[in-house]
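Before any comments, here is the structure.
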Amino acid sequence: MKLRRTLLVCIAVSFAAIDLVHKSFAPTEFHHARTSFVVLMMGVVIAALVILVPRVPSNAAAVGAGVACGGALGNLVSVLAWSQGVPDPLVIAGTTYGLAFNLADLFAIAGDALLLSAIVLHGIRHRARLRESV
(Lines give C-alpha, C1' and ligand atoms only; values in the text may rest on other atoms or scores of the structure.)
Protein backbone atom coordinates (compact mmCIF):
# COMPACT_ATOMS: atom_id res chain seq x y z
CA MET A 1 0.00 0.00 0.00
CA LYS A 2 2.83 2.41 0.83
CA LEU A 3 4.48 1.77 -2.55
CA ARG A 4 1.19 2.49 -4.40
CA ARG A 5 0.70 5.70 -2.40
CA THR A 6 4.26 6.80 -3.22
CA LEU A 7 3.68 5.99 -6.89
CA LEU A 8 0.44 7.98 -6.86
CA VAL A 9 1.99 11.05 -5.20
CA CYS A 10 5.07 11.04 -7.47
CA ILE A 11 2.89 10.85 -10.58
CA ALA A 12 0.56 13.57 -9.28
CA VAL A 13 3.42 15.97 -8.54
CA SER A 14 5.02 15.26 -11.93
CA PHE A 15 1.82 15.86 -13.90
CA ALA A 16 0.99 18.98 -11.89
CA ALA A 17 4.49 20.33 -12.57
CA ILE A 18 4.12 19.68 -16.31
CA ASP A 19 0.80 21.54 -16.29
CA LEU A 20 2.13 24.49 -14.29
CA VAL A 21 5.20 24.88 -16.50
CA HIS A 22 2.98 24.82 -19.59
CA LYS A 23 0.63 27.43 -18.11
CA SER A 24 3.59 29.63 -17.15
CA PHE A 25 5.09 29.76 -20.63
CA ALA A 26 2.12 29.43 -22.99
CA PRO A 27 0.35 32.61 -24.06
CA THR A 28 -3.10 32.67 -22.48
CA GLU A 29 -6.07 34.83 -23.40
CA PHE A 30 -8.70 32.84 -21.51
CA HIS A 31 -9.02 32.22 -17.77
CA HIS A 32 -11.77 30.67 -15.69
CA ALA A 33 -12.42 31.58 -12.09
CA ARG A 34 -13.13 29.05 -9.36
CA THR A 35 -15.26 29.62 -6.29
CA SER A 36 -13.94 28.95 -2.80
CA PHE A 37 -16.24 25.93 -2.60
CA VAL A 38 -14.74 24.42 -5.77
CA VAL A 39 -11.21 25.03 -4.45
CA LEU A 40 -12.14 23.28 -1.20
CA MET A 41 -13.71 20.36 -3.08
CA MET A 42 -10.58 19.96 -5.26
CA GLY A 43 -8.53 19.63 -2.07
CA VAL A 44 -10.98 17.10 -0.63
CA VAL A 45 -10.94 15.01 -3.83
CA ILE A 46 -7.13 15.02 -3.95
CA ALA A 47 -6.93 13.93 -0.29
CA ALA A 48 -9.56 11.22 -0.77
CA LEU A 49 -7.78 9.78 -3.81
CA VAL A 50 -4.40 9.78 -2.03
CA ILE A 51 -5.87 8.10 1.06
CA LEU A 52 -8.32 5.61 -0.47
CA VAL A 53 -7.02 4.46 -3.87
CA PRO A 54 -3.74 2.90 -2.62
CA ARG A 55 -5.85 0.49 -0.55
CA VAL A 56 -6.95 -1.16 -3.80
CA PRO A 57 -4.25 -3.69 -4.75
CA SER A 58 -3.84 -2.33 -8.27
CA ASN A 59 -0.90 -0.34 -9.59
CA ALA A 60 -2.99 0.75 -12.59
CA ALA A 61 -5.54 2.32 -10.23
CA ALA A 62 -2.73 4.15 -8.42
CA VAL A 63 -1.38 5.45 -11.73
CA GLY A 64 -4.84 6.60 -12.81
CA ALA A 65 -5.43 8.32 -9.49
CA GLY A 66 -1.99 9.92 -9.72
CA VAL A 67 -2.73 11.38 -13.15
CA ALA A 68 -6.16 12.61 -11.98
CA CYS A 69 -4.63 14.11 -8.82
CA GLY A 70 -1.96 15.78 -10.94
CA GLY A 71 -4.68 17.48 -12.97
CA ALA A 72 -6.61 18.55 -9.88
CA LEU A 73 -3.43 19.73 -8.17
CA GLY A 74 -2.39 21.71 -11.25
CA ASN A 75 -5.72 23.53 -11.31
CA LEU A 76 -5.68 24.00 -7.53
CA VAL A 77 -2.26 25.65 -7.58
CA SER A 78 -3.27 27.69 -10.65
CA VAL A 79 -6.35 29.16 -9.01
CA LEU A 80 -4.20 30.25 -6.08
CA ALA A 81 -1.32 31.57 -8.22
CA TRP A 82 -3.11 33.47 -11.01
CA SER A 83 -5.35 36.36 -9.93
CA GLN A 84 -7.49 36.19 -13.11
CA GLY A 85 -8.33 32.52 -12.53
CA VAL A 86 -7.04 29.27 -13.99
CA PRO A 87 -5.32 29.93 -17.34
CA ASP A 88 -6.62 28.03 -20.36
CA PRO A 89 -3.87 28.20 -23.00
CA LEU A 90 -5.28 25.46 -25.24
CA VAL A 91 -8.05 26.74 -27.48
CA ILE A 92 -10.08 24.98 -30.14
CA ALA A 93 -11.92 27.69 -32.05
CA GLY A 94 -15.06 26.94 -33.99
CA THR A 95 -17.00 29.19 -36.33
CA THR A 96 -19.38 30.41 -33.62
CA TYR A 97 -18.11 28.84 -30.38
CA GLY A 98 -14.81 27.65 -29.01
CA LEU A 99 -13.38 25.51 -26.27
CA ALA A 100 -10.61 26.66 -23.93
CA PHE A 101 -8.89 24.27 -21.54
CA ASN A 102 -5.49 23.38 -20.08
CA LEU A 103 -3.34 20.30 -19.61
CA ALA A 104 -4.65 19.81 -16.07
CA ASP A 105 -8.14 19.36 -17.45
CA LEU A 106 -6.87 16.69 -19.85
CA PHE A 107 -4.91 14.98 -17.07
CA ALA A 108 -7.96 14.90 -14.81
CA ILE A 109 -10.15 13.33 -17.50
CA ALA A 110 -7.52 10.81 -18.62
CA GLY A 111 -6.68 9.90 -15.02
CA ASP A 112 -10.33 9.42 -14.13
CA ALA A 113 -10.83 7.17 -17.17
CA LEU A 114 -7.77 5.07 -16.28
CA LEU A 115 -8.75 4.89 -12.60
CA LEU A 116 -12.31 3.81 -13.33
CA SER A 117 -11.16 1.27 -15.92
CA ALA A 118 -8.61 -0.18 -13.51
CA ILE A 119 -11.15 -0.44 -10.69
CA VAL A 120 -13.75 -2.11 -12.92
CA LEU A 121 -11.16 -4.54 -14.27
CA HIS A 122 -9.94 -5.30 -10.74
CA GLY A 123 -13.53 -5.92 -9.63
CA ILE A 124 -14.16 -8.27 -12.56
CA ARG A 125 -10.95 -10.21 -11.92
CA HIS A 126 -11.72 -10.56 -8.21
CA ARG A 127 -15.51 -10.77 -8.29
CA ALA A 128 -15.57 -13.69 -5.84
CA ARG A 129 -14.02 -11.47 -3.18
CA LEU A 130 -16.78 -8.88 -3.67
CA ARG A 131 -19.22 -11.30 -2.02
CA GLU A 132 -17.10 -11.68 1.13
CA SER A 133 -18.42 -10.00 4.25
CA VAL A 134 -16.36 -7.17 5.62
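Exactly which trypsin sites (Lys or Arg not before Pro) in segment 74-134 are in a DSSP loop and have at most 15 other Cβ atoms within 10 Å?
Loop-located and lightly packed - Arg131.
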- Message: Let me check the size of the chain from its C-alpha atoms; what are the radius of gyration and Dmax in Å?
- Response: 16.8, 56
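What number comes out for accessible area per residue over the chain if the probe is 1.4 Å? Units Å², please. Before the final figure, lay out each step's value.
Details: 8260 Å² over 134 residues.
Ligands and nucleic acids excluded, the figure is 62 Å² per residue.
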- With springs only between Cα atoms under 10 Å apart, run a GNM on the chain and tell me which of Ala81, Ala68, Ala60 wobbles the most. Ala81
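Round to a whole number: what % of the accessible area of the chain belongs to carbon and sulfur, probe 1.4 Å? It would help to have the intermediate numbers written out before the result.
Numbers: 5740 of 8260 Å².
In the chain, the share of accessible area belonging to carbon and sulfur is 69 percent.
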- Item | Electrostatic dipole magnitude of the chain [Cβ: Lys, Arg +1; Asp, Glu -1; Cα centre; debye, to 20] | 780 debye
- Item | Spatial separation of Cα centroids for segment 75-134 and segment 26-64, in angstrom | 8 Å
- Cα gyration tensor, segment 25-76 - rounded (a/c under 1.5), prolate or oblate: oblate
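The values are calculated or read from the model by the stated rules, or taken from the named source; none is laboratory data. Because the structure is a prediction, the values reported are computed rather than measured. Cβ sites come from the backbone with ideal geometry, for glycine too, and all protein chains shown count toward neighbours. Just the protein is used for accessible areas: all its heavy atoms, side chains included, with ligands, DNA and RNA removed. Shrake-Rupley method; radii C 1.70, N 1.55, O 1.52, S 1.80 Å.
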